Structure formats: structure tokens, C-alpha cells
Amino acid sequence: MKHLLSVADLDLDAINEIMRLTDQFVEVSERPIPRVPALRGRTVVSLFYEESTRTRLSFETAAKRLSADTMNFSVSTSSAKKGESLRDTVQTIEAMGVDVIVVRHSSAGVPWQVASWVDAAVVNAGDGEHEHPTQALLDCYTIRQQRGTLEGLRIAIVGDVGHSRVARSDVHAFTTMGADVTLVAPPTLLPASLEGWPVAVSNDLDDVLPKTDVVYLLRMQLERQREALLPSLREYTARYGLTRDRARLLADDAVVMHPGPMNRGVEIAAEVANRPNSVITKQVANGVAVRMGVLFLLAGANPREPAAGDANG
Ligand code: NCD
């Protein structure tokens, strides 16, 4: 694997390999000193043109736990503010000698462009409304941790699917892993076309919840909605929010997930987010180990040097 741009590039074997590597890095993360020398001497740069809390910190923590050097590019304090083009910025960064570039951008396709300009490995950390592959991998890992497998599980993805790169990547990853996915949303929040999506669709959450093993709430992405798609947020919550009352429809062992950042009180009630089978903070914790796995796969066996260590080093 040269880059990680899309979940569509990963088949079942590739996802399973990342799951196995993640198991090892979860073990590393639980050690008193959670660090291995696997990427010593390598440099990982994060190039974030869009805001982020957990994804950025997660990649940075993952790189540090692998002993890589890290660089951070933040558009608000850089020459991008002076009008430097993306291409010039990327080539400037590459000239400093980097092995992996982690990119987030508000336009779909930017990570592919970056990959075409550089020799370094590129990881897509979210491109517009398009994809967010490491989120999908950490979601698969978290479900597998809770339920042993995704094979045959019924997963409902609820809410603002149309604007969600998380949903796009998750649908692909979950179905590749053998789960049955149902999208639950008002028609205005579904993508214009679902052709080729291997999913069922419903607009009745109360009907879906009792038959669901995993309910995955999406953030209502008001910043991406260019027109009024909902009568009101309150009405959305009344029909599609995982309220306390509605959560009673779930089986006892049903898993509740959310990629963060949550709008508590909109797509998920505060007390539901805190209930025992809600794994939202586990998703965050697993995110670090999954990203260690991805960085290790991309930069662990650098042809320019002999391997500097292994996952157990
Ligand atoms: C998501 C994102 O930015 O794509 N957050 C994340 O990375 N965990 C989801 C969102 O913003 O709704």
C-alpha cells in the first residue's frame, strides 16, 4: 500500500491486516510507556486545511508513539494565508524531507492531487464530503472489539448522510466486512443518488432501532448545508434524534456510535451518549492505534533505509 486515499482501495484482506496491526498497537498503547521505535527517523507531517480536534491529535499521537518526527501545518498561521498555492506548499514541505503527509481539506479529491505531486505517502484525513478512510477503519475496529465481527451485523447509519464523508467511507468499509447497512434519514439529507450504494434506506428510525446491532449517529453538519434542508432542528430531533425514550427501543447489547464532534441534544441525547453501550470514547482511543497501524504500513518498510524496528520493538 503506497497511500491511503479511499476505503474503496481496501479489500477485505487489507482491512483485516490493518485490524490485526491495530491489535498490536492497542497493546502498545496500554503499556506504561506507550512507544515503539518502529518509525524512528521518519517524518510525518499533518497538513490540515480544515478544522479538526480528534483526527489531528490522533495522527500526531500515533506518529509520536511510533517514534516518528512530526510537523504540523496549520493554514491559519502559514503562508497559505499569503496566497501560497497548495502545490507550492506541498512541495515546500516535501523539500524538508517527509515520509508521510496526512491531508485534510474541504475539497473532495485534494489528497489524490497531493499524492500525484510527491514521493511521500499520503493519507486522506477527510476530503470535503467525500471520504474519511481512517475514521471508517477505527469504526470497524471498534465494532469488531464490541461484537467480535462485523459479518452479518445490522448497522444503521442515521442522519446527515448527504454531507458526510464518514458515512461514505463507513458504508464501504462496513459492507466489505460483511455487515448489512441501513441509512436512516429524511430524504433531504440523503445523497442525490444512492446508485451503487450497497444499502437499504429507511425514514423510520423507530422501526429500524429494534432490529439494529449498531446505531451510528452522524453529526448534523449545518456548516455544509447551503440551503434549508430541515423544517427545524427540533423537528429533526423529534423524528431522527436518538433521544432517551427512543434508545429504549434498542436491544440491550446494541452499540451506539458517533464520530464526534457531537451535537448533544440534536442527533443524540446527552444521557444516551453516556450510556454503557455507547462506545464514542472507545472510538477515539482506537483511532490512535488504527492510525499507528496505517502509518506503520505506509512508512514502516521504507526502501530508502533498512527497517528501523517492528511493531513489537
Ligand atoms: C468528522 C469529520 O470531520 O469528518 N469528525 C471526525 O473526523 N471524527 C465528522 C464530522 O465532522 O461530523
Worksheet item: If we keep just the residues of region 197-221 that are farther than 30 Å from SER107 by Cβ and of a type in the set (D, E, K, R), which is surrounded by the most Cβ atoms within 10 Å (Cβ to Cβ)?
Response: ASP213
Worksheet item: Do we find that ARG291 is of a type outside the set (Asp, Glu), in contact (Cβ under 8 Å) with a residue 24 or more places away in the chain, in a helix (DSSP H, G or I) and under 25 Å from LEU57 (Cα atoms) in this structure?
Response: yes
Worksheet item: Under the condition of being away from the ligand (no atom under 16 Å from the Cβ) and part of a loop (DSSP other than H, G, I, E, B), which residue from region 251-266 is most open to solvent (accessible area, probe 1.4 Å)?
Response: ASP252
Discussion item. So LEU21 passes all but one of these: (1) under 22 Å from SER169 (Cα atoms); (2) hydrophobic (A, V, I, L, M, F, W, C); (3) assigned to a loop (DSSP other than H, G, I, E, B). Which condition number does it fail?
Written reply: (3)
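For (1) open to solvent by less than 10 Å² (accessible area, probe 1.4 Å); (2) on the phi > 0 side of the Ramachandran plot, each residue gets a yes or a no:
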| position | (1), (2) |
| --- | --- |
| GLY148 | no, yes |
| LEU153 | no, no |
| ALA156 | yes, no |
| VAL161 | yes, no |
| SER169 | yes, no |
| THR175 | no, no |
| THR182 | no, no |
| THR188 | no, no |
Response to the item:
The helices (runs of 4 or more DSSP H) lying entirely within region 32-146 that contain at least 2 residues which are surrounded by 24 or more Cβ atoms within 10 Å (Cβ to Cβ) are 54-65, 110-117
Discussion item. Can you tell me which residue is surrounded by the fewest Cβ atoms within 10 Å (Cβ to Cβ) among those in region 222-250 that are of a type outside the set (D, E, K, R) and part of a helix (DSSP H, G or I)?
Written reply: ALA238
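The values are calculated or read from the model by the stated rules, or taken from the named source; none is laboratory data. None of these values were measured; they are calculated from a predicted model. A quick note on method: Cβ atoms are made from the backbone with ideal geometry, for glycine too, and the neighbour counts reach across all protein chains shown. For accessibility, only protein heavy atoms count, side chains too; no ligands or nucleic acids. Shrake-Rupley method; radii C 1.70, N 1.55, O 1.52, S 1.80 Å.
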